[in-house]
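Report on the structure given below.
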Amino acid sequence: MKRATLASAIVATSAMVLSIVPAHADSTGVTATSIKLGVSTPLTGSAGLVYGKVPGAMRAYFDYINANGGVNGRKISLVIRDDKYLPTLAATQTTNLILKDKVFALVGALGTATHSKAYTAAALAKNNVPDLFINTGFSGFTNKAKYPTTFMVLPTYAMEAKVMAKVIKDNFPGQATFMIAQDDEFGSDGVAGFTTAGHKFSSTPTLYPQGSMTAARAEGALTALAAAAPGKPVLVLFGTTDVTATILKAAEKLELTKKFTFLAGSVGADANTLLALGVKPTTIDGVVSASFLPDAKDLTDPYVKQFIDINTKYNKGVTFDNYVLGGMNSAMLTVQALRAAGKNLTRAGLISAIEAKGSKFASAGLVPLGWSATSRVGYNGYWVSQLNAKGEGQPYGGKLVIYTTDSGAGAVEISNFTRPTMPKNGIPTNS
Amino acid sequence: MKKAGKVHKPTTTRKRLFLFILFGWLLLILGDRVGDLELYQGSFVATYALAITSIVLLTGYSGQLSLGQSALMAVGAYAGALSIFNAGWHPVVGLIMSALVAGVFGLILGLVAARLSGPYLAGTTLALAISLPTLANQFPILGAEEGISFDVGPSPARFGEDFSQYKWFFWISALAALIMVFFIVNLLTSRYGRTFKAVRDNPVAAQLSGINVGRLKVNAFAISSGVAGLSGGLLVMLISGVSPSAFPLSLSFSLLGAAVVTGLYSLKGVILGGLVLVAIPEIADSLVSRIGGSEGFTTVLPGFIVSALLILAVVFTPNGPGHLLKKHH
Amino acid sequence: MTQFITAVLTSLSSGAIYALMAIAIVLVWRSTRVINFAQAGQAVLTTYIGYTVIQRTGSFWIALVVAVVSGAVIGAVIDRFFMRPIFKRVKSGPIVMIAPVVATLGLLGIIQAVIGFVWGITNQSIEAPVSTGGYKVMGTVIAFSNYNLLVLVFVAIAMLLLTLLFQKTNIGLALRASAYSPEIAKLSGIKVDSVRTLGWAIAGASGGLAGMLYIPGYFLYPNAMDLLLVLGFIAAVIGGLESLFGAVAGAMILGFAIIFSTTYISPKLFFPTAFIVLILVLLVKPAGLFAPKKSRGA
């Protein structure tokens, strides 16, 4: 009897001791002088054409910080893997980032279908890998039970849809409304947002499988919609920029550009890209969209000026645009998160740091950040913009109005948020 | 008359079983000594080797050129996913369903294919390869691009806390591949299997000696599809879910390429074929990091290597590396 | 009603583009009994060359001529220095059927990799030479433009010229003879190898034309013609692989089937429709719709 008690006591004590010892995996990717981050994102293909600049922009910002002392003496490196916007490739590339490249954390993973698949396949939850500032607005990612290590940055698509619904209600009463959306969680998130806001479209939203919106398809869809409604209906486009371009070009061909008021979701409304894809400036003039960052052409904005400067010095050959702005903004948030986690850098530590201090981080965003112990939502609002023929996005109606809301049934409110001042030279000094 | 060369004693089934078990046991031991990354890659090797086996059977042994193995893998993958996720069956049952459903599908396809020759068969299988995965967008139950989760569950508790998920994947895929390949090897060395060779080498003579060539081709299609289906199920197990983008046309081409490179007429090269497919992106990766280059270069290099290998194989070893070795005796 | 007109016209446009590729495939098949998958690579390569010409000269028409000519040259070079050695080496066994196909697949990959390396992998675009604005019919604008008409015209001319070549000239006769019975053709003094190279050249030219006419509606990137190759191949198989008329007819059937099913039934049926049409045709006529009644030699 005595031996059994002694044995069980030893076992119990060892178990307790062993459970206190921190797992080695918690600071994988961190050395005394370096931090390795990773991202799986489209670099090639039609999505790559649009989003290909983002990882390079992040890296440029990290290089800038490295040149100015790094984070607590450590230099940040970014491993970039191309997933061509394909979920299965994202799954294998993300697994490679964890198993092969052994990165500390992921930052800026792109795409709804791609990332949701990659998250499960690469067992990110099991390995407690921080999944920072993902490049997608699918509200499902705010579910802490399913995505315990994920922090969003983009406002959710549901939020955007609710804001758009309010814009339509306030500015286009009585007009017919239609929607064309990508047929996956991204598009359906938007559709759901409109429903939550109480908006009913004149006909069921047209959903198209990702990658299948050809010119012929677009022409057919526009012809049908134009025939269905008199006046000047509002057409909401919830897809990627290459698809918005296809639809706008179809409108040009059918001379329907002035027939509709185009309301393009932020994912698909980058003016520069639209112009680069062959859409005429006269077509872009008047397109309504939403954003949470300042426009990349707004040279009066201190963040924009600073990022342009960094871009010129560390991202040679790349033209500054909204995607570069977004990438650098996320990188800036990342640096602040790494700083806030302290010198003893662990995965769990990084996650708690963002929960505790993240909502106060400085960034170019014109809307508030929502990270807390209970919320994984990043920016929680939008300002409404209207594009002009020069490709600039200016406040709709002339005055900047910031709307905030949630992904649920909460109302859309007007906010008087003012963002934190930019740290000197764009180099965070937080802790 | 020259001596015909060494006379082989045919390996008995029992001997073969012993060899397979021995090999499996070696894999097990190896699996304990390597890291998660190698286990992950090893699982892909096993899966691809199985897929290549299906091609060797179909094209090498029954002479039917199909460009649509990826479609059959997709059928198996979806069948397995639906069984496990929707019907709630045990993962092993799911994998069996992958093979079975794909096999039945292959049987039907084979009946159609038997009427088609050369390029017409190639064209049909090509069309199948691009159109079948897109059906997932048409029927909501197939989950469109989101796909269906394929979860074989964590390793059994009795193996302990430290038994990684990747080791579990490796055990499942290696075991499944070994069992299936054993079955196929036995089939091909049996009396029935010898009729395959007869049909391949001289269909007219085979027909004249009473072999039902049409029936044989259909059977080959069915069996090959079953094998492909199982490999499809294993593949989506590794990525935790099936979706159309897991089975692009390029997969068919890569598998065919690997099969040609490592020997279309014999099963001896299938593992090597799997290794080649897994190794090439790795080699390309390390080449690029060594000599540097834009991300664009990184993207095109693996394709370049595969294609170059393919051409070299066709030009220098059209009958597989085995023949090349024989020449030097 | 407008939807119907749009559908018919879009079908004609799509069918015309498939036809150009189908013609190239049939040409190579008829002259060398090989399915040339590298066609997609050759066509996109000549289009990149055309793109570079446009960058330098600003003229689409010059680029078109250059693309067609370089297509012919590239096609000839591939046959002479790539396919011929392969045919020499691979003489027996079932690999005979497979080797050229696999070789062209390999070639496709190499061409696309080289393009990516030389020109980069990001999408480019080529401007159409004529207006792409739709015509006004009965007050509404329909989805048919001068450009769509141009493509139709080119396809018709190409088909006419090629049919004349094959049916009415000695070279055409030599091309057909070398394909069907190389030994007999050789005996009657035809230089089979050179004639075959000529066949590849003509096919390459056709592919070059296809690329320059197809790309202005889409984007230019190394894999831009892959889909078109598959659809052109299906169209050619439907038509029977043996006649140019069959290729064009097959392409039109395919175009109409796809556009009508995606417009009226479901947009997601694009590829399944292609497959179903193919299967239906082959079940009824395994050798294709317009295959000659006489059976070919083995």
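Quick check on residue B:194: is it of a type in the set (D, E, K, R), at pLDDT 80 or above, more than 20 Å from residue A:94 (Cα to Cα) and over 18 Å from the mean Cα position of the chain (by Cα)?
yes
Residue under question is residue A:227, and the condition is that it be facing chain C (nearest Cβ under 9 Å) and either in contact with a Lys or Arg (Cβ under 9 Å, 6 or more places away or on another chain) or closer than 24 Å to residue C:148 by Cβ (or both); does it hold?
So residue A:227 fits the description; yes.
Could you pull out every one of the helices (runs of 4 or more DSSP H) wholly within the stretch B:60-174 that has 3 or more residues that are more than 22 Å from the chain's Cα centre (by Cα)?
Once the helices (runs of 4 or more DSSP H) in the stretch B:60-174 are filtered for at least 3 residues that are more than 22 Å from the chain's Cα centre (by Cα), what remains is B:135-138.
How many of the residues in the stretch A:215-274 are part of a strand (DSSP E or B) and polar (S, T, N, Q)? Walk me through how you get there before you give the answer.
First, the residues of the stretch A:215-274 that are part of a strand (DSSP E or B): A:234-238, A:261-264.
Then drop every residue that is not polar (S, T, N, Q), which leaves A:261.
Qualifying residue count, the stretch A:215-274: 1.
Out of curiosity, is residue B:58 on the phi < 0 side of the Ramachandran plot and surrounded by 23 or more Cβ atoms within 10 Å (Cβ to Cβ)?
Taking the combined requirement at face value, the residue satisfies it.
Answer yes or no: is there a residue in the stretch C:16-29 that is of a type outside the set (A, V, I, L, M), open to solvent by 10 Å² or more (accessible area, probe 1.4 Å) and assigned to a helix (DSSP H, G or I).
yes
Which of the residues spanning the stretch A:389-407 are in contact (Cβ under 8 Å) with a residue 24 or more places away in the chain, in a loop (DSSP other than H, G, I, E, B) and open to solvent by 30 Å² or more (accessible area, probe 1.4 Å)?
A:389, A:390, A:392, A:400, A:406, A:407
Among the residues of the stretch C:30-50, write down those that are open to solvent by 10 Å² or more (accessible area, probe 1.4 Å), modelled with pLDDT under 90 and assigned to a helix (DSSP H, G or I).
Matches in the stretch C:30-50: C:30, C:32.
Which fully enclosed helices (runs of 4 or more DSSP H) of the stretch C:106-219 have 3 or more residues being of a type outside the set (Asp, Glu) and at pLDDT 85 or above?
Numbers: elements: C:146-168, C:170-180, C:182-187, C:192-214.
Per the criteria, C:146-168, C:192-214.
If you check residue A:290 against the conditions, is it outside any loop (DSSP other than H, G, I, E, B) and closer than 20 Å to residue A:150 by Cα?
no
Matching residues to (1) within 12 Å of chain B (Cβ to nearest Cβ); (2) in contact with a His (Cβ under 7 Å, 6 or more places away or on another chain); (3) crowded, with 24+ Cβ neighbours inside 10 Å:
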| position | (1), (2), (3) |
| --- | --- |
| A:97 | yes, no, yes |
| A:101 | yes, no, no |
| A:104 | no, no, yes |
| A:107 | no, no, yes |
| A:110 | no, no, no |
| A:117 | yes, no, yes |
| A:124 | yes, no, yes |
| A:130 | no, no, yes |
| A:135 | no, no, yes |
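Which residues, taken from the stretch A:410-428, are touching a residue at least 12 places away in the same chain (Cβ under 8 Å) and assigned to a loop (DSSP other than H, G, I, E, B)?
Matches in the stretch A:410-428: A:412, A:416, A:417, A:419, A:420, A:421, A:422, A:423, A:427, A:428.
Considering the stretch B:94-111 alone, what residues qualify as being open to solvent by less than 30 Å² (accessible area, probe 1.4 Å) and of a type in the set (A, V, I, L, M)?
So in the stretch B:94-111, the residues open to solvent by less than 30 Å² (accessible area, probe 1.4 Å) come out as B:94-95, B:98-99, B:102-103, B:106, B:109-110.
Matches in the stretch B:94-111: B:95, B:99, B:102, B:109.
Within the stretch A:107-162, which residues are in a helix (DSSP H, G or I), under 16 Å from residue A:92 (Cα atoms) and of a type in the set (Gly, Ala, Ser)?
A:113, A:116, A:118, A:121
If a residue has to be within 14 Å of another protein chain (Cβ to nearest Cβ) and open to solvent by less than 20 Å² (accessible area, probe 1.4 Å) to count, how many in the stretch B:73-83 make the cut? Please lay out each step first, then the result.
Narrowing the stretch B:73-83 to residues within 14 Å of another protein chain (Cβ to nearest Cβ): B:73-75, B:77-78, B:81.
From the residues that got through so far, the ones that are open to solvent by less than 20 Å² (accessible area, probe 1.4 Å) too are B:73-74, B:77, B:81.
Number satisfying all stated conditions: 4.
For the list (1) more than 14 Å from residue A:338 (Cα to Cα); (2) at pLDDT 85 or above; (3) within 14 Å of another protein chain (Cβ to nearest Cβ), I need the number of the one condition that residue A:24 fails.
Every listed condition holds for residue A:24 apart from (2).
Looking at (1) open to solvent by less than 30 Å² (accessible area, probe 1.4 Å); (2) under 28 Å from residue C:220 (Cβ atoms); (3) part of a helix (DSSP H, G or I), which is the one condition that is false for residue A:303?
(2)
So which of A:206, A:214, A:241 is within 13 Å of chain C (Cβ to nearest Cβ) and surrounded by 24 or more Cβ atoms within 10 Å (Cβ to Cβ)? Give the steps one after another, and end with the answer.
Details: A:206 fails: surrounded by 24 or more Cβ atoms within 10 Å (Cβ to Cβ); A:214 fails: surrounded by 24 or more Cβ atoms within 10 Å (Cβ to Cβ).
Result: A:241 is the single residue among A:206, A:214, A:241 that is within 13 Å of chain C (Cβ to nearest Cβ) and surrounded by 24 or more Cβ atoms within 10 Å (Cβ to Cβ).
Out of C:238, C:258, C:253, report the one residue that is in contact with a Leu (Cβ under 9 Å, 6 or more places away or on another chain), open to solvent by 10 Å² or more (accessible area, probe 1.4 Å) and modelled with pLDDT of 85 or more.
Only one candidate qualifies: C:253.
The values are calculated or read from the model by the stated rules, or taken from the named source; none is laboratory data. Please read all numbers here as calculations on a predicted model, not as lab measurements. Counting neighbours? That spans all protein chains shown, and the Cβs are built from the backbone with ideal geometry, glycine included. Remember, those area values only see protein heavy atoms, side chains included, never the ligands or the DNA or RNA. Shrake-Rupley method; radii C 1.70, N 1.55, O 1.52, S 1.80 Å.
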